[in-house]
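The values are calculated or read from the model by the stated rules, or taken from the named source; none is laboratory data. All values reported here derive from a predicted model rather than from experimental measurement. Cβ coordinates were reconstructed from backbone atoms using ideal geometry, including for glycine residues, and neighbour counts include every protein chain displayed. To get the accessible areas, we keep the full protein, side chains included, count just its heavy atoms, and leave off ligands, DNA and RNA. Shrake-Rupley method; radii C 1.70, N 1.55, O 1.52, S 1.80 Å.
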Amino acid sequence: HVEVQILADKHGNRISLCERDCSLQRRHQKLLEEAPSPALTEEIRRAMGVAAVKAVRATGYENAGTIEFLLDTDGKFYFMEMNTRVQVEHPVSEQITGTDIIKEQLRIASGEPISCIERAPFMPFGHAMEFRINAEDPEHDFRPCPGNITRFEVPGGPGVRVETYIKQGDRISPYYDSMVAKLIVWGIDRDECIARGKRALSEFCIEGIKTTIPFHLEVLEKEAFVEGRVYTDFIETEMGDE
């Protein structure tokens, strides 16, 4: 599951901000995203970016958005859908392209041209991953885990970004989306990104509820993940029934 971040303005500018790999999922819901995709060759990356821009141009779309593809084991990709909005995982694209996607979206809405157009076409710089921190119990089929947060401490340091709405003492409701935070890490390459992810996840403390933090730490230790062999059935094939 690979998607391409695009920007399109009223002045005819249509660009892609590289791709994101969203293959690690449970029940077809994304848990971890990374950019660039370890599954793509440079040839496939260019072709996918061109296809995404062509789709946007053909529809006359103007905004930030995402063209989503499915990639098979032969390196062929197929259009799946378009998301006409900014997605949860957009920070990994920001990290590897140095682009503020929300700022660009506001510029487009104001009728201004994309400010980063002179840097297109983009080539990914470094590697980024986003870990969705959900109020779920991975040991019991990702069962929702609402409750009161009794302790909340976030990691920091170079290449670490945390986005959240919660604080210590908050109550997580059972009625809405289970995601309580996003941890985004960047490294000069994928190995450094994984190492930084391990450190940041280990320092991320949320008590009072179960979260997906232990699950992410386990994923980063899996040989298949480290080697970049991540598919949409990764949890079933590499992690049993977790």
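For n ≥ 4 DSSP H runs only, could you compute -39500 (n - 2.57) per run for the chain, divide by its residues and tell me the 222 nm figure to the nearest 500?
-8000 deg cm²/dmol
Suppose we flag chymotrypsin sites (Phe, Trp or Tyr not before Pro) only when DSSP calls them loop and at most 10 other Cβ atoms lie within 10 Å. Which is the longest uninterrupted stretch of the chain?
No qualifying site falls inside 1-164, the longest such stretch.
With contacts defined as alpha carbon pairs under 8 Å and 6 or more residues apart, what's the relative contact order of segment 1-89 in percent?
Rounded, it is 31 percent for segment 1-89.
Given the options 53, 230, 88, which has the most mean-square fluctuation in a GNM of the chain, springs set between C-alpha atoms less than 10 angstrom apart?
88
Starting from the Cα coordinates of segment 6-66, work out the convex hull volume and express it per residue in Å³.
Enclosed volume per residue, from the Cα hull, is 90 Å³.
For the chain, take the longest principal axis of its alpha carbons; what is the angle in degrees between that and the long axis of helix 42-59, to the nearest 10 within 0 to 90?
Approximately 70 degrees, to the nearest 10.
Charges at C-beta only: +1 for Lys and Arg, -1 for Asp and Glu. How large is the resulting dipole of segment 47-87 about its Cα centre, in Debye rounded to 20?
Taking the Cα centre of segment 47-87 as origin, the dipole is about 160 debye.
If the only charges are +1 at each Lys and Arg Cβ and -1 at each Asp and Glu Cβ, what is the size of the charge dipole of segment 196-242 around the Cα centre, to the nearest 20 debye?
With only Lys, Arg, Asp and Glu charged at Cβ, the dipole is about 320 debye.
If you take the beta carbon distance between residue 195 and residue 218 as r and set R0 to 22 Å, what does 1/(1 + (r/R0)^6) give as a FRET efficiency, to the nearest 0.05? Provide the component values of the computation, followed by the final result.
On the way: r = 16 Å, r/R0 = 0.71.
According to the calculation, E is roughly 0.90.
Evaluate the distance, in nm, between pseudo-label points positioned 7 Å from the Cα of residue 148 and of residue 205 along their respective Cα→Cβ axes.
Placing both labels 7 Å along Cα→Cβ, they lie 1.9 nm apart.
Please list 3J(HN,Hα) in residue order for segment 101-110, calculated via the Karplus relation 6.51 cos²θ - 1.76 cosθ + 1.60 where θ = phi - 60°; whole Hz, with x for glycine and proline.
So the J values, rounded to whole Hz, are 5, 5, 4, 5, 4, 5, 4, 4, 5, 8.
What residue among 56, 92, 226 shows peak mean-square fluctuation when the chain is described by a Gaussian network model with Cα springs under 10 Å?
Result for the chain, Cα springs under 10 Å: 226 fluctuates most.
Dipole magnitude of the chain about its Cα centre, charges +1 at Lys/Arg Cβ and -1 at Asp/Glu Cβ only, in debye to the nearest 20?
Numbers: 29 positive and 42 negative charges, 171 e Å.
Around 820 debye, computed over the chain.
Can you give the Rg to Rh ratio of segment 114-242, both from alpha-carbon atoms, with Rh computed by the Kirkwood formula?
Details: Rg = 16.3 Å, Rh = 16.0 Å.
Reported Rg/Rh (Cα atoms, Kirkwood Rh): 1.01.
Using 0.36 nm times the number of residues separating residue 109 and residue 140, minus their current alpha carbon distance, what extension gain do you get?
Extending this stretch completely gives an extra 6.8 nm.
For a quick check of your reading of the filter: which trypsin sites (Lys or Arg not before Pro) in segment 90-119 sit in a DSSP loop and have no more than 13 other Cβ atoms within 10 Å?
Nothing satisfies the criteria.
For segment 24-113, what does the equivalent ellipsoid look like in terms of its semi-axes, each the square root of 5 times an eigenvalue of the Cα gyration tensor, given largest first in whole Å?
Working: eigenvalues 105, 55, 36 Å².
Semi-axes from the Cα gyration tensor: 23, 17, 13 Å.
I'd like the FRET efficiency for residue 173 and residue 43, computed as 1/(1 + (r/R0)^6) with the beta carbon distance as r and R0 of 45 Å, rounded to 0.05.
0.45
Roll a 1.4 Å probe over the protein chains and send me the accessible area per residue for the chain in Å².
48
Per-residue accessible area for residue 82 at 1.4 Å probe radius, Å² rounded to 10?
It works out to around 60 Å².
Find the relative contact order for the chain and round it to a whole percent, using C-alpha pairs within less than 8 Å whose residues are 6+ positions apart.
Over the chain, the number comes to 21 percent.
Taking Cα atoms of the chain, Rg/Rh with Kirkwood Rh, to two decimals?
On the way: Rg = 18.1 Å, Rh = 18.6 Å.
Here Rg/Rh amounts to 0.97.
Please calculate the 1.4 Å probe accessible area of residue 217, with all protein chains present, and give it to the nearest 10 Å².
Counting only protein heavy atoms, residue 217 exposes about 50 Å² to solvent.
For residue 118 paired with residue 78, estimate the spin-label separation in nm (one decimal), with each label point 7 Å from Cα along the Cα-to-Cβ line.
If labels sit at residue 118 and residue 78, their model points lie 4.3 nm apart.
Give the lysines whose C-alpha is closer than 26 Å to that of residue 198, dropping any in the same chain fewer than 8 places away, or say none.
Excluding near neighbours in sequence, the set is 30, 167, 182, 210, 222.
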